[in-house]
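The numbers here are math on the coordinates, done by the rules we state, and not lab data. These figures come from a predicted structure and were not determined experimentally. We place every Cβ from the backbone using ideal geometry, glycine too, and count neighbours over all the protein chains shown.
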Amino acid sequence: MKDRGNKEIKMSAEKSPGILYKILRLFTVVYPGEALTALLLALNIYLILAAYYIIKIVRDVSILTEWGPETKSYLYGAVSVLLIFVIKIFSSLSSKVPRQVLITWVTLFFISNLILFSFLSLFGISLSTISIILFIWASIFSVMIVAQFWSFANDIYKHEAGKRLFPIIAFGATFGGFSGTYILKSLEGIMALYQLLLISAGILGICILLTHIIHKREIKRIKDKQDKVSSEQESIESEEEKPLKKGGGFQLVFKKQYLLYIALFVLLLNLINTNGGYILDRVFETRALEAIENGTAGGLDKGEIIRSFYTIFQLRMNLLAMFIQLFLVSRIFKWFGVRTAVFILPFISLGGYFLISLGASIAIVGWIKALENSTDYSLMNTTRHALFLITSREEKYKAKATIDTFFHRAGDVMHSLLVLFWAKLVLVESFAKFNIVMAMIFIILGIFIIHQYKKLSTERIVSPSVR
């Protein structure tokens with residue numbers, strides 16, 4: 001029966017593919033019947049990221065204009081604490097309603113908030129107050145809206161199909177980031193800063209429609225498949241739906257060296273990245289004030305100059321991320337493997353912050369940070385997911401969720417404390433030197449991870465029942 005199923009798949013794959021499949025097969029393996037859903041998901045995350053990057057730039061420009069980079073860093077710590085409670089509420093809600101209903105409710109809630117922010121800015125509400133609330137809200141939004149999308153995508157695809165099709169979907173995300181930034185750049189001088197949030201609200205409304213289309217399509221596909229498969233195959237597939245064993249995510253992380261090393265790796269990754277973001281914020285703010293004092297601002301105020309700086313930076317960063325995701329990630333994995341991919345970002349950070357510590361110009365700082373972010377959002381993001389392929393089901397779900405939320409945000413908390421006690425005493429170059437030390441530890445942790453990765457990979461070959 002298994003041979004017959006494999007033969008049917010092979011025959012199906014050998015059918016003459018259309019132009020759509022030929023294009024997609026330039027980047028990955030796509031079987032008939034898979035292309036449309038993958039492209040709809042790619043379009044969905046494309047729109048989500050386009051909406052988010054409009055919000056992100058409005059968020060960063062408003063907080064830097066009204067308060068400054070130090071306040072932005074402190075608020076990251078507040079977001080980290082609030083996110084713990086938000087995730088618990090989201091998890092509780094997700095266990096009570098179907099996935100499409102959950103996504104609709106959560107997205108509609110965010111849409112209503114965007115409309116509210118836009119109207120508050122028109123009715124004389126203090127922009128200083130709005131900027132703080134918007135920053136906290138947008139930082140939570142960025143985690144929840146993207147997380148629920150990838151949960152939806154993981155719910156649709158099995159492991160084998162996900163490995164093949166996620167690169168296509170991930171490209172939608174990187175292209176969406178570029179498009180959102182380009183939209184904002186195109187509307188400079190046409191729409192007020194907070195009114196741009198209405199564009200994001202409209203885009204998210206389209207995302208709700210796409211989610212329901214994808215959901216109905218997949219329900220029909222599953223129903224058709226159930227009519228064709230044997231009862232034996234159904235029982236095999238049901239193994240993946242069994243409840244997970246008891247045990248919390250923290251318990252799993254601290255129980256296994258491999259997971260603990262990954263957790264510390266993610267913490268350091270975010271600490272270095274957020275410190276780099278603070279360096280960029282301070283450089284942008286300083287250059288904006290200098291332009292106004294020197295009379296070279298061209299009539300622009302501080303907020304408009306920072307908005308222009310950030311828009312150019314985000315365009316550059318997202319173009320790099322798209323290039324890396326589309327042309328380099330799969331080739332690095334194929335030619336060098338996960339064990340090499342782990343070290344690329346740490347060495348970029350080490351070299352980049354060494355240059356900044358010597359007193360780099362705004363252009364050099366911008367390019368270094370763009371290269372670091374684009375590598376993080378493409379190659380490193382894919383690598384982090386790949387490190388969990390050799391772990392158990394419980395570790396994939398519980399431990400990974402703990403690492404991606406608590407340990408990731410712990411890096412934000414450490415950055416907030418660093419800025420609180422150190423920022424007023426040192427120059428930007430001192431933060432770069434601190435990041436150099438962290439990058440060295442980053443590399444050492446990578447060595448520990450790869451040592452454990454090789455060990456667990458060998459055990460998996462000896463005992464293939466490990467999932």
Q) Dipole size in debye (nearest 20) for the range 26-235 around its Cα centre, Lys and Arg Cβ +1, Asp and Glu Cβ -1? A) 340
Q: Can you bin the range 37-106 into rounded, prolate or oblate? Criterion: square roots of the alpha carbon gyration tensor eigenvalues sorted a ≥ b ≥ c, rounded for a/c under 1.5, prolate for a/b above b/c, oblate for the rest.
A: oblate
Q | Of the trypsin sites (Lys or Arg not before Pro) in the range 102-180, those whose Cβ has at most 16 other Cβ within 10 Å and which sit in DSSP loop | A | LYS158
Q. How large is the charge dipole for the range 247-467, taken about the Cα centre, if only the Cβ atoms of Lys, Arg (+1) and Asp, Glu (-1) carry charge, to the nearest 20 debye?
A. 1100
Q. Rounded, prolate or oblate: which one fits the range 407-460, using the alpha carbon gyration tensor with axes a ≥ b ≥ c (rounded when a/c is under 1.5, else prolate when a/b beats b/c, else oblate)?
A. oblate
Q: Let me see the pair-distance distribution of the range 247-467: every alpha carbon pair, 10 Å bin width, integer percents in order.
A: 8, 29, 33, 19, 8, 3, 1, 0
Q) Put +1 on the Cβ of each Lys and Arg and -1 on the Cβ of each Asp and Glu in the range 247-467; which of LEU267, THR286, SER357 then has its Cα farthest toward the positive end of the dipole? A) LEU267
Q. So which chymotrypsin sites (Phe, Trp or Tyr not before Pro) in the range 245-351 end up in coil per DSSP with only 14 or fewer other C-beta atoms within 10 Å?
A. PHE336
**Q.** Computed over the range 247-467: relative contact order in percent, which uses C-alpha pairs under 8 Å that are six or more apart
**A.** 40
